[in-house]
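Asks: Before anything else, here's the structure in question.
The values are calculated or read from the model by the stated rules, or taken from the named source; none is laboratory data. No experiment lies behind these values; they were computed from the predicted model shown. Note that we place each Cβ from the backbone using ideal geometry, even for glycine, and neighbour counts take in every protein chain shown. For accessibility, only protein heavy atoms count, side chains too; no ligands or nucleic acids. Shrake-Rupley method; radii C 1.70, N 1.55, O 1.52, S 1.80 Å.
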Amino acid sequence: MTVPGWRDWAFSIKTFAAAMLALFLAFWIDLPKPYWAVGTVYITSQVLAGATRSKAVYRVGGTLLGAVVTVILVPNLVNAPELLTLAIALWVAVCLYFSLLDRTPRSYLMMLGGYTAALIGFPAVGEPDAIFGTAVARAEETTLGILCASLMSSVVLPQSAAPTIAGRLDAWLRDARLWACDVLGRARPAKDTQAKRLRLASDAIAFDALATPLRYDMTGAERSADAMATLRQHMLMVLPIVSAIADRIETLERAGALPDRLRGVLDAMAAWLAVGTTDPAEAARLKASAVAVDSRLGERPSWNDLVLASLVARLVDFIDLRQDARLLQRHIADGTPVAEHLAFRYTAAARTIRHRDRGMALLSAAGVFLSIVLACAIWIATGWPDGAGAPMMAAVGCCFFAAQDDPAPFIVSFANSAIVGALGAGAYLFAILPLATTFEMLALALAPGLLLCGVFMAQPRTAPMAMGAAVNGSTMIALQGSFSADFAAFANSAVAVILGMWTGAVVTRLVRSVGAGWSARRLRGINRRELARAARRRGAQNGLELAALMLDRVGLIAPRLAALPADDAEWTADLLAEVRVGINVVELRRDRRQLSPPGRDAVERLLAALARHFESPTLEPAPALLASVDAALDAVSADARQAAGRAALMGLVGIRRGLFPEADPYRPARPSDTRPELAA
């Protein structure tokens, strides 16, 4: 944790001011539970103004949705508590499932719609006739808190996402440039590490958390939001392209077949990257120099000629990608939309495609369902007057942390923050607030505790604990228009809140918790199934779309590898190679239609063999698959002088190098040796 700076204190003061504004308005409107408005402010407030605004609309919509569902369920099922419990638990589970499939602020609509029903419904079972008024009041209190938080964040010292993005973007591009220079330069083999590649992937995925606030920035920077979305894909595409360049250079150097002219081009590109120029003329000169090294492929070209052609193609791609990235970076810095033509153009699907983990979402839904049912069973069995807090907070705790591999420790930490909040609330309720006779005195009394929580909310490491203490503490104080304090009710409420969270933690640990290694292996398995679908002519119809989806998963795998022992992470060494294979499979699937019948048939057999390989649990490809790749190379070599044949050969080279990096070089078959059985 760093020492809080002035921005941290400014955020804390703004958040406190928003909370007091919400509390004052709630008192003025005479809402029944004004403290819900205060708690909502601390749940909603984010350091970046765009992050607060991006969630505001969806939070309001989710609150209204949950209120409507509660009005429908409670009056009709209040006489059957078991059915009401199952209905609310099922609703929360369904909402959580769909919210986890969406990694944008839209997910808050469904998540809030779920646990709002628990927050309103369970305390209202004692007064079902008043459920409509209770639901309306809760929606008003929550909406008031959201609006006050958004207003204060937007008007008072709003913190834009643009400077944060610019700083992190400079750092990412610098690291990527150094990696590319290592690959192109003569010291490349010693410095081209898998860890470096995966860290870049993880950092690129992390830009998602900043791209959404940028769209709601309201400083003019939001005009560059589309440029940021495109640049994110460019950043991810750097990984397979540079790793392919590294592979081709190593292959040619090992064979002693790297031309001196190309070595000069590589050195010139490394110098170009080091200088950082964006001059289009220099980029065009480098592309022309690279293309000039590549000789026209004749019929049945040698393996070294094929690898050289593949290297030149990837070098051209990298130059285009780098120029696009610098152009997009300039638009983001200037806050302007992109009007120029880009060499790398993505479909709308490629720019927005994200991994959706339906299996883990289903497990999370099961966990929250069972947690609510168990907490309700304890409440009903004991006849606990204040036990409604247990299923409420079981729902909230499970929903808040459902995206984690192992949510249980986070739920326990949230429960600990509730203990801190309860201790603070007790001190306020029975020692300090009895002396506050006006709103001004009340605000002054609350200031030390809430301001301290706000400062720690601005620190990433302490934010969950501070937010939990502020929300739970303000809720347990239960501020009303007039002071009232009942120690028995307060203690029962605090115990119910903590018990609910612990129930959620225990059930989650039994049902939902998984390790980082398990999640990483599962994500890789999903990527392999995606490759099998691509080989069977299903799934993505565009290589960039498939790459976007697979690289998104690679970025999710990367941070999980830190939790794995070094000897257990060897299976991740070819993650980017699989992405390269996927791109080549999709492009090969497209180009096969323009090939001659023998070439097309050989490619079809290869695609079927690739599908079988990626569907099998064995990671190591079989020798028979290498024979299929070489048979396809033999058959397609006859079409090398055609554009489709050359493109197909480049795809086959990429597949061979991606799956069999240690195999002996491909040796073209003599025309007399090319028999149908060799291509089987």
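Asks: Show me the ranking of peptides 121-132, 35-46, 219-230 by mean Cβ neighbours inside 10 Å, starting with the highest. Write out the running numbers ahead of the final one.
Replies: Working: 121-132: 17.9, 35-46: 25.8, 219-230: 20.2.
Top of the packing list down: 35-46, 219-230, 121-132.
Asks: For Rg/Rh (Cα atoms, Kirkwood Rh), pick the label among [x] 1.06; [y] 1.21; [z] 1.02 that corresponds to the value derived from the coordinates.
Replies: Checked against the structure: label [x].
Asks: Each label point is 7 Å from the Cα along the Cα-to-Cβ direction; what then is the distance between the points at residue 641 and residue 437, in nm?
Replies: Output for this residue pair reads 10.4 nm.
Asks: Using the beta-carbon distance between residue 624 and residue 339 and R0 = 56 Å, what value does 1/(1 + (r/R0)^6) give for FRET efficiency, to the nearest 0.05?
Replies: Details: r = 51 Å, r/R0 = 0.91.
FRET efficiency, residue 624 to residue 339: 0.65.
Asks: While we're here: About the Cα centre, and with charges only on the beta carbon of Lys, Arg (+1) and Asp, Glu (-1), how big is the dipole of the chain? Nearest 20 debye, please.
Replies: 1580
Asks: Percent relative contact order of the chain, based on C-alpha pairs within less than 8 angstrom and at least six residues apart?
Replies: Values: 1019 pairs, mean separation 119.7, N = 680.
Worked out over the chain, it gives 18 percent.
Asks: May I pose another question? Summing Lys, Arg as +1 and Asp, Glu as -1, what charge do residues with Cβ under 12 Å from the Cβ of residue 660 carry, residue 660 excluded?
Replies: Numbers: positive: 656, 657; negative: 247, 574, 620, 630, 662, 664.
Summing Lys and Arg as +1 and Asp and Glu as -1 gives -4.
Asks: Between the range 198-229 and the range 32-57, what is the separation of their alpha carbon centroids in Å?
Replies: Centre-to-centre (Cα) distance: 22 Å.
Asks: Distance in nm between label sites at residue 57 and residue 24, each 7 Å beyond Cα in the beta-carbon direction?
Replies: My value for the distance between the label points is 2.9 nm.
Asks: What does the charge add up to near residue 18, with Lys and Arg as +1, Asp and Glu as -1, over the other residues with Cβ less than 15 Å from its Cβ? Please list the in-between numbers first.
Replies: Values: positive: 14, 53, 55, 59; negative: 141.
Charge balance in the 15 Å sphere: +3.
Asks: Where does the chain land at 222 nm, in deg cm²/dmol rounded to the nearest 500, when only DSSP H runs of n ≥ 4 count, each adding -39500 (n - 2.57), divided by all residues? Mind showing how you got there, number by number?
Replies: On the way: 27 runs with 488 residues, N = 680.
Counting only the DSSP helices, I get -24500 deg cm²/dmol.
Asks: Hey, can you rank 410-416, 631-637, 100-106 by average C-beta count inside 10 Å, highest first?
Replies: So the order, starting with the most tightly packed, is 631-637, 410-416, 100-106.
Asks: Taking the alpha-carbon centroid of each part, what is the distance from the range 583-656 to the range 410-475 in angstrom?
Replies: 63
Asks: Could you work out how far the C-alpha centroid of the range 108-145 sits from that of the range 368-385, in angstrom?
Replies: With the range 108-145 and the range 368-385 each reduced to a Cα centre, they are spaced 19 Å.
Asks: Here is a follow-up. Compute the helix-to-body angle for 225-254: its Cα long axis versus the longest principal axis of the chain, expressed 0 to 90° and rounded to tens.
Replies: 40
Asks: Then there is this: So how many Lys-Lys pairs in the chain land under 30 Å Cα to Cα, not counting same-chain pairs under 8 apart? Provide the component values of the computation, followed by the final result.
Replies: Numbers: 14/33; 14/55; 33/55; 191/287; 196/287.
Close lysine pairs found across the chain: 5.
Asks: A further question follows. Give, in nm to one decimal, the length gained when the segment between residue 664 and residue 68 is fully stretched (0.36 nm per residue of separation minus the Cα-Cα distance).
Replies: 207.9 nm
Asks: Now, a different point. What is the percent carbon and sulfur in the accessible area of the chain, measuring with a 1.4 Å probe over the protein chains and ignoring ligands?
Replies: Answer for the chain: carbon and sulfur cover 62 percent of the accessible area.
Asks: Now for a different question. Between the helical axis of 407-427 and the dominant principal axis of the chain, each derived from Cα atoms, what acute angle in degrees is found, rounded to the nearest 10?
Replies: 30
Asks: At 1.4 Å probe size, with every protein chain present, just tell me what the per residue accessible area of the chain comes to in Å². Display every interim value, and only then the final one.
Replies: Values: 28250 Å² over 680 residues.
Spelled out: the 1.4 Å probe surface of the chain, per residue, equals 42 Å².
Asks: Note down the nm distance, to one decimal, between modelled labels 7 Å out along Cα→Cβ at residue 254 and at residue 302.
Replies: Here the answer is 1.7 nm between the modelled labels.
Asks: Quick check: the angle from helix 623-637's long axis to the longest principal axis of the chain, C-alpha only, nearest 10 degrees?
Replies: The helix 623-637 is inclined about 60 degrees to the chain.
Asks: Once you have a ≥ b ≥ c as the square roots of the Cα gyration tensor eigenvalues for the range 1-92, tell me rounded if a/c is under 1.5, and otherwise prolate or oblate according to whether a/b is larger than b/c. Don't jump to the answer; show the numbers that get you there.
Replies: Numbers: a/c = 2.86, a/b = 2.03, b/c = 1.41.
Taking the square roots of the gyration eigenvalues as a ≥ b ≥ c, the range 1-92 is prolate.
Asks: Compare the Cα positions of 32, 107, 79 along the charge dipole of the range 1-127 (+1 at Cβ of Lys, Arg; -1 at Cβ of Asp, Glu; about the Cα centre) and return the one farthest towards the positive end.
Replies: Working it through, the farthest residue towards the positive pole turns out to be 107.
Asks: Moving to a separate point now. Positive end of the charge dipole of the chain (Lys, Arg +1 and Asp, Glu -1 on Cβ, about the Cα centre): tell me which of 426, 146, 181 has its Cα farthest that way.
Replies: Positive-most Cα among the choices belongs to 181.
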